[in-house]
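S.K.: Sending over a structure as structure tokens; questions will come in a sec.
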Amino acid sequence: MPGKVTLVGAGPGDPGLLTRKGLEALQTAQVVVYDRLVSPAILALIPEAAEGINVGKQAARHPVPQEQINQILLDKALEGKNVVRLKGGDPFLFGRGGEELELLAAHGVAFEEVPGITSAIAAPAYGGIPVTHRDCCSSLHIVTGHQRLGKELDIDFTALVRTRGTLVFLMGVSALEAICTGLLAAGMDPATPAAVVERGTTPAQRRIDAPLAELPRRAAEAAVESPAVIVVGAVCALAQQFDWFDRLPLKGRTVVVTRPRERSGTLAARLRKLGAEVWEYPCIATHPLEPCPALDQVMERLGEYGWLALTSPAGVEVLWRWLAGHGRDARALGGVGLAAIGPGTAQALAGHGLKADYVPAVYDAAHLGAGLPAGGRVLILRAEEGSPALTAALGERNIAYDDVATYRTVYDNPRSQALRALVEGEETTLVTFTSASTVKGFVSSVGADADFSRMVGLCIGAQTAAEAQRQGIPVKTAKAATLDALVELMMEGV
Ligand code: SAH
């Protein structure tokens, strides 16, 4: 049976602007054919099992010709695959979506189209420009500024000027001068407000405002590049007032999130909402030690302990794997006090219906050891090479403990040239560290010989900061060991 092709509009860049229907299509796709303008954050949503086919332009290479793209879609559908054709913005607005459907229709292959949010409206919107406003205009015209090689622009400027509506030009960066000249020659007021919005809706968005007559010069000075939309009309003046995106507190900042993959999502999403460009770069992974005879032993003697101390959500998960693997559940922990190093770990416990009996006021190993209420032997379940501060503090108080390693932290990321270039670049890159092991993982990915002097390590606590300093990384430390405090630190400006 032939499969089906779904044309999906990916929106202009911000991954939040992918529609729900588009996301559903993507998540169930077996083949995803995508091009250049689809943002990496959306490409990251493609299921691992799906075949991804990049038909967009890459560096020096040419894009796959349209006929060939049409053929790929047809072939994959005829193989019985569920195919998604992912396109920037809306597939039917200067996206050649119609052409791609013709061949499918001719072969009787089923297809569907999921409209996307177009850059023609969204890029101005993120630039603070509403494309219409009752006081300014009564129409909107979306025009292609694409110039065929060696040909004149095929635009009826006189007709456009007569509409008195807002004009939005796509694919117009290289023809910007010709577009503005054409409008002026057709009688448009040289003082008409105009703007270019480059890489709209992404953290790298820039808006250049100028009266129509000056726009080409100003855009050239700013070295504007494609993709960008050109907006002409009185509505452009509203940007001064409505420019919400550029005012986001972390706009223009690049933040690297180094947490393990399973836990990087929430922090990354929060930072994106604040306008940051976020690189999710999980430098560490946690691997449970299995089999783990030491854990088997202590778990059988759990009744002998007064306290069970956990120092990370990963530790909680490993404990749960063990319980589940032994046909047990939370009741096995009934008699023992539960101590969590901080709110993240306490929350992981809460996820299993358990309340932490003790969380230190300062969320680190030293304070956990110093403040844990006395009362029986302490069982510590944590990573190999856990911080000695915890056991030292217990030792000082003459509290007996067993320190059992239940998982290993691995630095399994390949060397990353891109990350190194970012860190050593002109702009200050912020790198979040939520544990000493994320620092070690980061350094092993970037290379210990890198120049860390221009970056700032935002550390969740004193031990993490100490590790970063040891590696020569300039640091700032959060007031408390929570993600909230880490985000707050960023907002203070670095
Ligand atoms: N179907 C797409 C447009 C494809 S034509 C849509 O609906 O958005 C490609 C042009 O779209 C680019 O030359 C540029 O003018 C515009 N464009 C696409 N993404 C953009 C973005 N993030 N910011 C500004 N312009 C963008």
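S.K.: Answer yes if at least one residue in region 227-236 is outside any helix (DSSP H, G or I), touching a residue at least 40 places away in the same chain (Cβ under 8 Å) and either away from the ligand (no atom under 16 Å from the Cβ) or in contact with a Phe, Trp or Tyr (Cβ under 6 Å, 6 or more places away or on another chain) (or both), and no otherwise.
M.R.: Yes; the residues of region 227-236 include at least one that is outside any helix (DSSP H, G or I), touching a residue at least 40 places away in the same chain (Cβ under 8 Å) and either away from the ligand (no atom under 16 Å from the Cβ) or in contact with a Phe, Trp or Tyr (Cβ under 6 Å, 6 or more places away or on another chain) (or both).
S.K.: Something else now. If you take the residues of region 1-18 that are of a type outside the set (Gly, Ala, Ser) and in contact with a Gly (Cβ under 7 Å, 6 or more places away or on another chain), which of them is farthest from the ligand (Cβ to nearest atom)?
M.R.: Result: Met1.
S.K.: Tell me which of these Leu250 doesn't satisfy, since it passes every other one: (1) of a type outside the set (Phe, Trp, Tyr); (2) assigned to a loop (DSSP other than H, G, I, E, B); (3) within 15 Å of the ligand (Cβ to nearest atom).
M.R.: For Leu250, the exception is condition (3).
S.K.: Tally time: how many residues in region 1-11 are part of a loop (DSSP other than H, G, I, E, B) and modelled with pLDDT of 95 or more?
M.R.: 1
S.K.: Let me ask you something else. Could you go through region 103-112 and let me know if any residue there is without any contact (Cβ under 8 Å) to a residue 12 or more places away in the chain, outside the structural domain of Gln241 (by TED's automatic domain parsing), of a type outside the set (D, E, K, R) and within 16 Å of the ligand (Cβ to nearest atom).
M.R.: no
S.K.: Looking at Gly127, is it within 13 Å of the ligand (Cβ to nearest atom), touching a helix residue (DSSP H, G or I) at 6+ places or on another chain (Cβ under 7 Å) and farther than 18 Å from Pro193 by Cα? It would help to see each step written out before you state the result.
M.R.: On the way: within 13 Å of the ligand (Cβ to nearest atom): yes; touching a helix residue (DSSP H, G or I) at 6+ places or on another chain (Cβ under 7 Å): yes; farther than 18 Å from Pro193 by Cα: no.
In short, no.
S.K.: Please find, among Pro47, Pro63, Pro91, the residue that is in a loop (DSSP other than H, G, I, E, B), in contact with a helix residue (DSSP H, G or I) (Cβ under 8 Å, 6 or more places away or on another chain) and modelled with pLDDT under 95.
M.R.: The conditions single out Pro47.
S.K.: Would you mind finding the one in Arg420, Arg377 that is over 30 Å from Arg253 (Cα atoms) and surrounded by fewer than 18 Cβ atoms within 10 Å (Cβ to Cβ)?
M.R.: Arg377
S.K.: Which one is nearest to Leu368 (Cα to Cα) among residues in region 380-406 that are of a type in the set (Gly, Ala, Ser) and assigned to a loop (DSSP other than H, G, I, E, B)?
M.R.: The extreme case among them is Ser387.
S.K.: Follow-up. For region 159-194, which residues satisfy the criterion of being hydrophobic (A, V, I, L, M, F, W, C) and within 16 Å of the ligand (Cβ to nearest atom)?
M.R.: Within region 159-194, Leu167, Val168, Phe169, Leu170, Met171, Val173, Ala175, Leu176, Ala178, Ile179, Cys180, Ala194 qualify.
S.K.: Residues Thr258, Thr266, Thr286, Thr311: which one is polar (S, T, N, Q), buried (at least 16 other Cβ atoms within 10 Å of the Cβ), more than 16 Å from Ala383 (Cα to Cα) and out of contact with any Asp or Glu (no Cβ under 6 Å at 6 or more places or on another chain)?
M.R.: Thr258
S.K.: For region 414-460, which residues satisfy the criterion of being part of a loop (DSSP other than H, G, I, E, B) and hydroxyl-bearing (Ser, Thr, Tyr)?
M.R.: Correct list: Ser416, Thr428, Thr429, Thr434, Ser435, Ser453.
S.K.: Same structure, new question: Could you please find all residues in region 419-435 being under 18 Å from the mean Cα position of the chain (by Cα) and over 20 Å from Glu467 (Cα atoms)?
M.R.: The first filter runs over region 419-435 and keeps only residues under 18 Å from the mean Cα position of the chain (by Cα), leaving 419, 422-423, 429-434.
Answer for region 419-435, where residues must be under 18 Å from the mean Cα position of the chain (by Cα) and over 20 Å from Glu467 (Cα atoms): just Leu422.
S.K.: Wholly within region 96-207, which helices (runs of 4 or more DSSP H) include no fewer than the required count, namely at least 1 residues that are modelled with pLDDT of 95 or more and of a type in the set (Ser, Thr, Tyr)?
M.R.: Values: elements: 97-106, 119-126, 157-163, 176-185.
Hits in region 96-207: 119-126, 157-163, 176-185.
S.K.: I'd like to check something: does region 148-166 contain any residue that is in contact (Cβ under 8 Å) with a residue 40 or more places away in the chain and surrounded by 17 or more Cβ atoms within 10 Å (Cβ to Cβ)?
M.R.: So in region 148-166, the residues in contact (Cβ under 8 Å) with a residue 40 or more places away in the chain come out as 165-166.
Those left that are additionally surrounded by 17 or more Cβ atoms within 10 Å (Cβ to Cβ): 165-166.
There is at least one residue in region 148-166 that is in contact (Cβ under 8 Å) with a residue 40 or more places away in the chain and surrounded by 17 or more Cβ atoms within 10 Å (Cβ to Cβ).
The values are calculated or read from the model by the stated rules, or taken from the named source; none is laboratory data. This structure is a prediction, so every number in the text was calculated from the model and none was measured. Cβ: placed from backbone, ideal geometry, glycine included. Neighbour counts: every protein chain shown.
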